[in-house]
1. Tally up the residues in region 219-237 that are more than 28 Å from residue 131 (Cα to Cα) and either modelled with pLDDT of 90 or more or among the charged types (D, E, K, R) (or both), please.
2. Tell me whether region 182-203 contains one or more residues that are assigned to a helix (DSSP H, G or I) and small (Gly, Ala, Ser).
3. Could you tell me whether residue 69 is in contact (Cβ under 8 Å) with a residue 60 or more places away in the chain, in a strand (DSSP E or B) and farther than 12 Å from residue 19 by Cα?
4. Go over the candidates 65, 22 one by one and state the one that is surrounded by 14 or more Cβ atoms within 10 Å (Cβ to Cβ) and at pLDDT below 90.
5. Sort out which residues of region 7-49 are out of contact with any Ser or Thr (no Cβ under 8 Å at 6 or more places or on another chain), touching a residue at least 24 places away in the same chain (Cβ under 8 Å) and among the hydroxyl-bearing types (Ser, Thr, Tyr), and write them in order of number.
6. Any idea which of 29, 8 is at negative phi and under 35 Å from the mean Cα position of the chain (by Cα)?
7. Which condition from (1) within 34 Å of the chain's Cα centre (by Cα); (2) surrounded by 15 or more Cβ atoms within 10 Å (Cβ to Cβ) is the one that residue 85 breaks?
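The values are calculated or read from the model by the stated rules, or taken from the named source; none is laboratory data. Quick caveat: nothing in here was measured; it's all calculated off a predicted structure. Ideal geometry is used to build each Cβ from the backbone, glycine not excepted, and the neighbour counts take in all protein chains shown.
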Amino acid sequence: MVPTAYVVIYTEEKRRIFVVFSQVYGDFVLTKECKNIGCKCMGCVLGQATIHTCEEEIPVLDLESQKELEDNMVVIPFTEEGEMFLKGLKIERYRRYRGRLNRAMLEDVCQTPDAVLLIKAEDDGTYTHSYASLSLDQRVIARGCIAKNCPCIGCRIQDMHYIEASGKLVKMIDQNKGGVNSSGEIVLPIFQGEAILSKLLGRDPSIRHDYKPYPFGSPIEEMFFELAFLDLHIFPQYQAGRYRLDFAIPNKRIAIELDGHEYHKTKYQRTHDAQRDRWLFGEGWNVLRFTGSEIYKDLNGCIDEICKLAKVERLSAQSAIPL
């Protein structure tokens, strides 16, 4: 639930100023002569006050959600129950606030994300991405990220956009709102699209074929990519020399060919495939070929085989809803 009231505290050299922003009671200066924490002014009382209910004692302010607004200025949202504190004030006695701040600015700063993407720098220079949301417990979704031009799912999430009701295209992650946690991980908040992302990462079949970042040449390529990209840093339609590969893991020198097309059955194409495979072997590539039957009957087994060759731990949930 989005708070409807906030207090902004501005700290000067010899005093603190408290300004309340309330959707119900308006914006007003609670006190501008706080001498120090615990001086018993109304601002200090506000920070220590609680609301008693039949079941528990609830603080008026959500101190854990305190955010820095500017230098020497913080904003703290009221708890839902804590807004009752304002009801007991004689609001007409307080001077109305006429400054540049407004509730929309405070809501933007205090907005709680629906999900977060965490990025950890590893000793080998790569990055590990983890994801946590209202729907999914925190889990590692990508290891070995190389950051620049990396096709891992963590980097793809950072490039995703959503469409606002107004039709405006907005990036799913605002890098400016990111931070660093106590473990040194970069924390990037996600305010929109949590439901879709959680389904995607959980391999929910209800959103199959909705995620199409590349133009695929066949349904079998699309089907393969929809599962494989959760575990492997694969590039579709990768150019290797004068040959174009269906999929590739360049840093592992692994080429993946899906022989589901009719033209793979012709004598000419079989000869062409053999020549290409010999060239790739000579350049240090490992070539894995899968038939259409293998992909349709045991796609998970194909992914397992590629992960084993690439020496990559499979991260997508094995217990997830089957495709």
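1. Looking only at that region, the number is 0.
2. Yes - at least one qualifying residue is present in region 182-203.
3. Values: in contact (Cβ under 8 Å) with a residue 60 or more places away in the chain: yes; in a strand (DSSP E or B): yes; farther than 12 Å from residue 19 by Cα: yes.
So residue 69 passes the test.
4. Values: 22 fails: at pLDDT below 90.
Result: 65 is the single residue among 65, 22 that is surrounded by 14 or more Cβ atoms within 10 Å (Cβ to Cβ) and at pLDDT below 90.
5. 10, 11, 25
6. 8 is the lone residue from the list that is at negative phi and under 35 Å from the mean Cα position of the chain (by Cα).
7. Residue 85 satisfies every listed condition except (1).
Residue-wise test of (1) polar (S, T, N, Q); (2) part of a loop (DSSP other than H, G, I, E, B); (3) under 15 Å from the mean Cα position of the chain (by Cα).
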position	(1), (2), (3)
101	no, yes, no
108	no, no, no
116	no, no, yes
119	no, no, yes
129	no, no, yes
141	no, no, yes
